[in-house]
Amino acid sequence: MSDFDYDVLVIGAGPGGYVAAIRAAQLGLKTACADGRETLGGTCLNVGCIPSKAMLHASEFYDAAANGAMAKMGIDVTPRLNLPAMHAQRVDAVKGLTAGIEFLFKKNKVDWLKGYAAFTGKDSVEVAGKTYRAKNIIIATGSSVTPLPGVEVDNDKQIIVDSTGALELAKVPGHMVVIGGGVIGLELGSVWRRLGAKVTCVEFLDQILPGMDADVRKDANRIFKKQGIEFKLKTKVTGAAVKGKKAVLTLEPAAGGEAETLEADVVLVSIGRRPNTDGLALDKAGLTTNQRGQIETGHDFRTAVDGIWAIGDVIPGPMLAHKAEDEGIACAENIAGQTGIVNHDVIPSVVYTWPEIAGVGLTEEQAKEKGEVKVGKFPMAGNSRAKTNHEPDGFVKIIADAKTDRVLGVWCIASVAGTMIAQAAQAMEFGATSEDIAYTCHAHPTHSEAVKEAAMGVTGKPIHI
């Protein structure tokens with residue numbers, strides 16, 4: 001050990017990196033984590049998952065008060081938006097959680113190397129002018145916003161912004177244009193729509209939420225339209241110009257055709273994310289990236305260079321915080337000589353809009369490509385708890401193998417879909433059949449009864465429809 005400063009050195013303190021560092025330290029390995037932010041937690045805790053959920057939650061209350069949902073339940077209120085206070089509770093949530101990670105580092109004796117790391121060799125990195133050697137180095141640098149050619153983001157001006165800038169808007173825009181109909185655009189667009197903005201979503205594809213089940217994409221589009229979000233599908237943005245305090249976008253049909261312009265007070269660019277590998281000097285470690293800028297690894301998260309590992313958004317797979325966390329634990333356990341495994345076929349995804357949208361496993365389209373399937377679907381309008389709570393939108397859909405009845409995928413739209421999907425993921429992890437779910441007693445009245453009913457529907461035995 002005398003030639004090495006650490007057994008494990010993690011580059012990046014996001015959900016994958018900080019979890020990997022803590023787990024490695026728990027397993028008795030001398031561990032450090034390098035990160036140049038002022039606070040730990042990466043994009044997720046600082047400017048992503050956590051602050052966006054704080055704004056989503058707060059804006060749901062405002063929307064319910066402002067648009068009559070509370071009045072339906074006998075609560076008469078006249079809300080007044082205090083945007084600075086709403087931002088303050090967002091900042092407070094971030095401070096509490098990032099400080100919690102710093103406490104866990106100290107508790108588990110993880111050294112925080114404050115600065116951005118770059119490789120100087122296969123077993124060494126430089127951080128803030130100092131070189132450190134480690135037996136094992138884990139790359140967990142996450143991802144950043146994908147730029148859109150012709151549209152320059154400047155968060156300080158608060159006119160053309162990315163997801164970070166969209167969380168910091170000092171006032172509610174009169175008209176917000178969201179470029180991209182994916183998770184981030186729909187979540188942040190929903191926040192500002194609830195607070196009073198007109199929101200237009202421009203999507204290159206013919207439907208929103210790429211990668212999700214077709215029924216989910218179709219119904220989500222209908223629900224968001226009902227809420228007031230306008231959609232321009234099969235449309236591409238070819239340019240943007242800031243004129244005074246407005247942005248003027250140039251749009252064209254995706255298939256080609258006559259251009260048009262669209263004016264907005266704020267433009268949110270949210271067309272995806274790309275791996276953070278620039279600045280790592282990967283070449284000095286003997287590493288290269290694939291065509292998508294990702295670092296390829298084996299199932300145990302080893303890279304092509306012995307002693308270097310990679311997890312999270314910098315490797316292939318969905319860019320999700322919980323995927324990175326699971327990979328961080330598994331990677332640390334593999335380094336320690338244990339067996340760390342992540343089942344990438346069972347990674348749930350959630351859109352935290354209202355209602356929430358969630359899925360795990362295969363879409364119906366993907367499942368049909370592999371063989372014959374059976375499908376059960378149950379509407380939330382038929383669920384007693386959803387009906388009582390005035391939450392009629394959405395459904396639960398279960399896709400099972402026609403021969404074995406094994407569950408291949410579950411998709412749902414419901415107020416608590418993000419919580420409901422955990423049951424489906426756990427069932428699939430244990431290789432459950434739709435019958436297993438159908439004959440599991442579910443508490444009444446709960447939203448999760450819709451999962452049971454959908455499972456019963458796979459074999460044509462739903463009770464409440």
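Any read-out appearing in this document is the output of simple, stated calculations on the displayed coordinates, not a laboratory observation. What you see is a predicted model; the values in this text were computed from it and never measured. Please note: Cβ atoms are built from the backbone with ideal geometry, for glycine as well, and neighbour counts cover all protein chains shown.
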How big is the dipole moment of the chain about its Cα centre under a simple scheme where the beta carbon of each Lys and Arg is +1, that of each Asp and Glu is -1, and everything else is neutral? Debye, nearest 20, please.
820 debye
Toy charge model, Lys and Arg Cβ at +1, Asp and Glu Cβ at -1: region 349-458 dipole around Cα centroid in debye, rounded to 20, equals 120 debye
Hand me the tally of lysine pairs in region 349-458: alpha carbons under 22 angstrom apart, and the pair either on different chains or 8 or more positions apart.
16
As a footprinting exposure proxy, order Cys201, Cys44 by other Cβ within 10 Å, with the fewest listed first.
Cys44, Cys201
Normalised alpha carbon radius of gyration of region 349-458 [divisor 2.2 N^0.38 Å]:
0.98
13 Å beta-carbon shell around Ile335, net charge (K/R +1, D/E -1):
-1
Might you list the cysteines of the chain that have no disulfide-compatible partner by the rule of another cysteine's Cβ under 4.7 Å?
Cys33, Cys201, Cys331, Cys412, Cys441
If you wrap a convex hull around the alpha carbons of region 212-266, what volume per residue comes out, as a whole number of Å³?
104 Å³
Based on DSSP, what percent of beta bridges with both residues in the chain are antiparallel, to the nearest 5?
60 percent
Lysines with Cα under 21 Å of Lys234, excluding same-chain neighbours fewer than 8 positions away
Lys198, Lys218, Lys225, Lys226
Go ahead and estimate [θ] at 222 nm for the chain from helices alone: -39,500 (n - 2.57) per DSSP H run with n ≥ 4, summed, over the residue count, rounded to 500.
-10000 deg cm²/dmol
Mean projected area, convex hull of alpha-carbon positions in region 155-271, reported to one decimal in nm², is 6.9 nm²
Let me know the whole percent of all Cα-Cα pairs from region 287-327 that are separated by more than 15 Å.
35 percent
Quick note on Val127, Val177, ordering by fewest other C-beta atoms within 10 Å, gives Val127, Val177
Between Lys403 and Thr339, take the C-beta separation as r, use R0 = 25 Å, and let me know the FRET efficiency to the nearest 0.05.
0.20
Positive dipole terminus of the chain, leading residue within Leu169, Gln366, Ala432 (C-beta point charges)
Leu169
Go through Gly298, Pro275, Ser384 and say which Cα lies farthest out towards the positive end of the charge dipole of region 227-385; charges sit on Cβ, +1 for Lys and Arg, -1 for Asp and Glu.
Ser384
Cβ-Cβ cut-off under 10 Å around Asp265, Lys and Arg +1, Asp and Glu -1: the net charge is +3
With a 10 Å Cβ neighbour count serving as the proxy for reagent exposure, in which order, fewest first, do Arg273, Arg222 appear?
Arg222, Arg273
Summed side-chain charge close to Ala64 - residues other than Ala64 whose Cβ falls under 12 Å, Lys, Arg +1, Asp, Glu -1
-1
Where Rh is the Kirkwood radius over the Cα pairs of the chain, the temperature 4 °C and the viscosity 1.567 mPa s, what D in µm²/s does Stokes-Einstein return?
54 µm²/s
Using the Kirkwood radius over C-alpha pairs as Rh, can you work out the diffusion coefficient of region 16-112 via Stokes-Einstein at 10 °C, viscosity 1.306 mPa s, in µm² per second?
101 µm²/s
